[in-house]
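The next block holds one structure in the form of structure tokens; read it before the comments.
The values are calculated or read from the model by the stated rules, or taken from the named source; none is laboratory data. Bear in mind that the values here come from a model prediction, so they are computed numbers and not experimental data. Every residue, glycine as well, gets a Cβ built from its backbone with ideal geometry; the counts of neighbours run over all protein chains shown. What goes into the accessible areas is simple: the full protein's heavy atoms, side chains included, and nothing from ligands, DNA or RNA. Shrake-Rupley method; radii C 1.70, N 1.55, O 1.52, S 1.80 Å.
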Amino acid sequence: MYLLGIDLETTGIDPDTSEIIEVGYMIWDTDASCPVLLGSHLVRSENPIPAEIEKMTNLSSYYLDRFGVAVESAVQHLSRLATKCDYYVGHNAINFDRKYLSKVARESGIKFPKKYWIDTMMDLPFPSGLRTRKLDYLAVEHKISVINSHRAVFDLMTTMKLLEKYGWDDVIARAKTGLVKLIAETSFEEKEKVKMDGFKWDSQNRQWVKTMRLYDAKKLSFGFKYRSDRKSTRLNSSHQ
């Protein structure tokens with residue numbers, strides 16, 4: 001089985017107001033447990049990189065100007081690689097990377113083959129008690145060496161090593177189910193309780209929410225009242 005790992009570095013968290021500055025990719029052979037093809041494209045930007053992003057990634061506007069390509073070229077390359085692979089893989093990819101790729105693909109007319117995403121933030125049966133699902137923290141907890149975090153290819157290697165710690169059948173079964181948004185029926189003052197269960201505060205709608213797989217939502221219960229957003233049960237993670 002071949003997996004297409006995708007990791008993006010960007011200038012922010014909102015695809016409508018920020019830009020992709022690096023597109024990383026890795027084709028992983030699950031039978032051989034090794035990368036077949038890996039690389040990245042720096043992406044040119046007309047805007048200066050925010051200082052905090054440059055510090056975190058060590059990517060400067062000079063590097064992007066000198067070595068970067070158009071974002072459409074980088075994303076088109078991903079779409080060609082996807083035709084040779086069975087699944088997409090990324091860490092927090094469904095809520096982050098996929099949104100950026102979808103925007104570029106939509107605006108540029110790039111077609112991605114429909115395939116399921118394996119998101120290592122939500123599709124792995126992590127042990128209870130983990131304080132966070134940030135990639136570096138998970139790597140340490142799973143005794144995986146971390147090198148040059150926040151650079152796409154290195155983060156992808158960490159992601160694939162993390163993925164290989166778990167059984168494929170369970171991971172794929174979970175990845176093939178849809179997504180559901182759970183809404184906690186608690187007050188803001190009870191935030192510590194819901195935060196411990198992975199809910200995040202939606203300031204726009206003033207509610208605590210958590211997006212998760214139907215596979216898990218059917219099995220879990222929480223120590224407080226909550227409801228599901230019925231519309232979100234139709235969300236599908238099988239394509240860009």
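Within segment 198-209, is there a residue that is in contact (Cβ under 8 Å) with a residue 24 or more places away in the chain, in a helix (DSSP H, G or I), in contact with a Leu (Cβ under 9 Å, 6 or more places away or on another chain) and open to solvent by less than 70 Å² (accessible area, probe 1.4 Å)? Scanning segment 198-209, I find no residue that is in contact (Cβ under 8 Å) with a residue 24 or more places away in the chain, in a helix (DSSP H, G or I), in contact with a Leu (Cβ under 9 Å, 6 or more places away or on another chain) and open to solvent by less than 70 Å² (accessible area, probe 1.4 Å), so the answer is no. The numbered conditions (1) open to solvent by less than 30 Å² (accessible area, probe 1.4 Å); (2) of a type in the set (Phe, Trp, Tyr); (3) assigned to a loop (DSSP other than H, G, I, E, B) are all true for Tyr166 except (1). Out of all the residues in segment 199-210, is one or more closer than 22 Å to Tyr88 by Cβ and acidic (Asp, Glu)? Among the residues of segment 199-210, not one is closer than 22 Å to Tyr88 by Cβ and acidic (Asp, Glu), which makes the answer no.
The one condition from (1) over 28 Å from Val180 (Cα atoms); (2) surrounded by 12 or more Cβ atoms within 10 Å (Cβ to Cβ) that Asn95 does not meet is (1). All conditions but one from (1) open to solvent by 80 Å² or more (accessible area, probe 1.4 Å); (2) touching a residue at least 60 places away in the same chain (Cβ under 8 Å) apply to Ile172; the one that does not is (1). The residues in segment 25-45 that are open to solvent by 30 Å² or more (accessible area, probe 1.4 Å), on the phi < 0 side of the Ramachandran plot and not β-branched (Val, Ile, Thr) can be counted, and the count is 9.
Any residue at all in segment 54-76 that is within 30 Å of Asp170 (Cα to Cα), in contact with a helix residue (DSSP H, G or I) (Cβ under 8 Å, 6 or more places away or on another chain) and part of a loop (DSSP other than H, G, I, E, B)? Among the residues of segment 54-76, not one is within 30 Å of Asp170 (Cα to Cα), in contact with a helix residue (DSSP H, G or I) (Cβ under 8 Å, 6 or more places away or on another chain) and part of a loop (DSSP other than H, G, I, E, B), which makes the answer no.
Remark: pairs (first residue in segment 121-144, open to solvent by less than 70 Å² (accessible area, probe 1.4 Å); second residue part of a loop (DSSP other than H, G, I, E, B) and among the aliphatic types (A, V, I, L, M); Cβ separation under 6 Å; 6+ apart in sequence or on different chains) = Asp136/Val146; Ala139/Val146.
Which one is farthest from Glu22 (Cα to Cα) among residues in segment 98-120 that are surrounded by fewer than 18 Cβ atoms within 10 Å (Cβ to Cβ) and polar (S, T, N, Q)? Only one residue tops the list, namely Ser108.
Does at least one position in segment 180-191 carry a residue that is more than 21 Å from Leu4 (Cα to Cα), aromatic (Phe, Trp, Tyr), open to solvent by 40 Å² or more (accessible area, probe 1.4 Å) and at pLDDT below 90? Yes: one or more hits. The set of residues from segment 110-143 being acidic (Asp, Glu) and under 15 Å from the mean Cα position of the chain (by Cα) comprises Asp119, Asp123, Asp136.
Sort out which residues of segment 145-163 are open to solvent by less than 40 Å² (accessible area, probe 1.4 Å) and not in a loop (DSSP other than H, G, I, E, B), and write them in order of number.
Within segment 145-163, the subset open to solvent by less than 40 Å² (accessible area, probe 1.4 Å) is 149, 152-153, 155-156, 158-160, 162-163.
Answer for segment 145-163, where residues must be open to solvent by less than 40 Å² (accessible area, probe 1.4 Å) and not in a loop (DSSP other than H, G, I, E, B): Ala152, Val153, Asp155, Leu156, Thr158, Thr159, Met160, Leu162, Leu163.
Among the residues of segment 66-84, some residue qualifies, meaning at least one is farther than 23 Å from Thr211 by Cβ and acidic (Asp, Glu).
No other residue among Glu54, Glu22 is at pLDDT 95 or above and surrounded by 19 or more Cβ atoms within 10 Å (Cβ to Cβ) apart from Glu22.
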